[in-house]
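Novice: Would you mind keeping the following structure in view while I ask a few things?
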Amino acid sequence: MKVLHIVGARPNFMKVAPVMNALNTRNHVVQTLVHTGQHYDANMSDVFFAQLGIPAPDVNLAVGSGTHAWQTAEIMTRFEPVLLDRQPDIVLVYGDVNSTVAAALVCAKLGVRIGHVEAGLRSFDRSMPEEINRLVTDQLADMLFTPSEDGDTNLQREGIPAGKIFRVGNVMIDSLVKLLPAARCQNRQGLPERYALVTLHRPGNVDDGIILKRILQSLLDVSRDLCVVFPAHPRTRQRIVDFGLHSDQLLIFDPQPYLEFLGMQSRATVVITDSGGIQEETTYLGIPCLTLRENTERPVTVSVGTNVLVGSDPDKLKSEFYRVLAGNAKKGNIPPLWDGQAGERIAAHLAG
Ligand code: UD1
């Protein structure tokens with residue numbers, strides 16, 4: 001059986017690793033890994049391959065950055081001949097990035113089966129590019145691997161037959177479970193005992209100067225009471241420069257490798273983010289998470305976990321922040337099937 005995996009952007013790498021590892025134990029499976037090159041900086045890509053033990057990609061499409069239409073189209077154009085050449089039995093696509101939807105479209109047109117890992121998540125907010133990618137990919141997929149019950153419900157509401165849906169749990173948590181002991185051993189990199197860890201990269205938060213300025217001002221305000229540590233996505237860093245914004249009191253540095261960032265999360269007093277995966281990781285770790293979004297495609301992190309949506313309201317951010325500092329942070333539990341075995345369950349469905 002020939003399985004081709006397609007990855008392209010940072011959050012894909014933590015998801016592909018456990019699935020490849022589990023499939024490696026099946027002798028009749030031959031795996032091919034294709035990297036689209038959507039993320040290309042060493043610290044957004046290469047370092048994740050090394051730390052997660054992912055083999056070097058068999059093919060790198062080296063697409064790089066561009067507008068959504070350009071990037072998606074370019075991935076499609078470059079992936080099509082690879083797919084025709086490799087003739088896999090199934091292509092696995094991960095999450096909700098542009099690489100995911102681009103590959104799914106190419107497969108669907110060529111009649112190649114698609115497995116979508118992390119299917120069924122919905123923010124119900126079509127202004128997010130990821131929501132478009134999720135909707136399209138799930139309509140095209142033949143096997144839909146969901147992380148939680150809400151995923152199954154969303155898919156059935158959209159007319160996906162129950163027989164195509166496989167609730168397997170959260171693959172991103174597989175990587176976390178495996179590497180947490182090593183992450184906890186990472187050195188503290190000079191960080192204080194208590195700090196707020198911030199990440200920020202969603203277009204809705206960083207591409208508008210007024211919104212980004214308001215968020216930075218809230219972070220500057222809270223930094224008077226707690227050190228703010230901010231490994232910044234290249235997009236965000238560029239925007240801070242473009243808009244001429246002040247961020248002096250914040251500890252801003254480059255995006256971190258997986259182990260270092262996981263270590264930082266596990267020791268944080270509070271995490272402030274607009275990422276999807278970090279909402280899940282903090283829920284697993286039991287660390288308070290304040291999410292700078294009005295909605296989430298991962299509602300289980302709110303209903304079961306430690307996540308609180310604070311949206312774009314600085315007052316809500318501050319009141320939740322001081323609730324954490326006062327020792328009254330929201331408590332949470334680990335959702336069902338977030339147990340480190342999701343990759344194994346996917347492999348069992350695919351290859352017995
Ligand atoms: C993408 C995903 C998002 C995911 C995020 C994680 C989509 C639609 N979005 O957003 O869901 O949460 O990755 O990081 O696929 N850049 C670099 N170096 C890189 C990659 C990007 O400098 O290695 C800069 C470029 O200026 C680029 C910008 O970041 O234009 C945005 O990159 P892009 O891949 O388009 O989307 P992300 O914002 O990273």
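Just so it is clear, none of the values below were taken in a lab; they were calculated from the coordinates. Since the model is a prediction, treat every value here as computed from it, not as a measurement. Here the Cβ is made from the backbone with ideal geometry for all residues, glycine too, and neighbour counts use every protein chain on show.
Novice: From Thr36, Thr25, grab the single residue that is surrounded by fewer than 14 Cβ atoms within 10 Å (Cβ to Cβ) and either within 18 Å of His349 (Cβ to Cβ) or within 18 Å of the chain's Cα centre (by Cα) (or both).
Specialist: Working: Thr36 fails: surrounded by fewer than 14 Cβ atoms within 10 Å (Cβ to Cβ).
The conditions single out Thr25.
Novice: Test Glu118 against the stated conditions and say whether it is surrounded by fewer than 23 Cβ atoms within 10 Å (Cβ to Cβ) and in contact (Cβ under 8 Å) with a residue 60 or more places away in the chain.
Specialist: Details: surrounded by fewer than 23 Cβ atoms within 10 Å (Cβ to Cβ): no; in contact (Cβ under 8 Å) with a residue 60 or more places away in the chain: yes.
So Glu118 fails the test.
Novice: Say whether the condition of being under 19 Å from Met143 (Cβ atoms) and assigned to a helix (DSSP H, G or I) is met by at least one residue in region 44-55.
Specialist: Initial filter on region 44-55 (under 19 Å from Met143 (Cβ atoms)): none.
No, that holds for no residue.
Novice: Do we have Met1 as crowded, with 21+ Cβ neighbours inside 10 Å and either within 16 Å of the ligand (Cβ to nearest atom) or within 17 Å of Gly343 (Cβ to Cβ) (or both) here?
Specialist: On the way: crowded, with 21+ Cβ neighbours inside 10 Å: no; either within 16 Å of the ligand (Cβ to nearest atom) or within 17 Å of Gly343 (Cβ to Cβ) (or both): yes.
Answer is no for this residue.
Novice: Now a separate question. Within the bounds of region 207-230, is there any residue that is among the aliphatic types (A, V, I, L, M) and within 11 Å of the ligand (Cβ to nearest atom)?
Specialist: Initial filter on region 207-230 (among the aliphatic types (A, V, I, L, M)): 210-212, 215-216, 219-220, 222, 226, 228-229.
Filter once more, keeping what is within 11 Å of the ligand (Cβ to nearest atom): none.
Scanning region 207-230 turns up no residue that is among the aliphatic types (A, V, I, L, M) and within 11 Å of the ligand (Cβ to nearest atom).
Novice: Something else now. Find the residue count for region 60-75, including only residues that are surrounded by fewer than 20 Cβ atoms within 10 Å (Cβ to Cβ) and more than 12 Å from the ligand (Cβ to nearest atom).
Specialist: Filtering region 60-75 down to residues surrounded by fewer than 20 Cβ atoms within 10 Å (Cβ to Cβ) leaves 60, 62, 64-70, 73.
With the extra rule that they be more than 12 Å from the ligand (Cβ to nearest atom), the set shrinks to 60, 73.
Looking only at that region, the number is 2.
Novice: I'm told Ile54 meets every condition in (1) within 11 Å of the ligand (Cβ to nearest atom); (2) out of contact with any Gly (no Cβ under 6 Å at 6 or more places or on another chain); (3) not basic (Lys, Arg) except one. Can you identify the failing condition by its number?
Specialist: Against the list (1) within 11 Å of the ligand (Cβ to nearest atom); (2) out of contact with any Gly (no Cβ under 6 Å at 6 or more places or on another chain); (3) not basic (Lys, Arg), Ile54 comes up short only on (1).
Novice: What single numbered condition from (1) out of contact with any Ser or Thr (no Cβ under 9 Å at 6 or more places or on another chain); (2) basic (Lys, Arg); (3) under 24 Å from Asp208 (Cα atoms) fails to hold for Lys318?
Specialist: (1)
Novice: Just the residues that are more than 22 Å from Val300 (Cβ to Cβ), touching a Ser or Thr at 6+ places or on another chain (Cβ under 6 Å) and either assigned to a loop (DSSP other than H, G, I, E, B) or more than 16 Å from the ligand (Cβ to nearest atom) (or both), please, taken from region 86-137.
Specialist: Across region 86-137, the qualifying residue is only Arg86.
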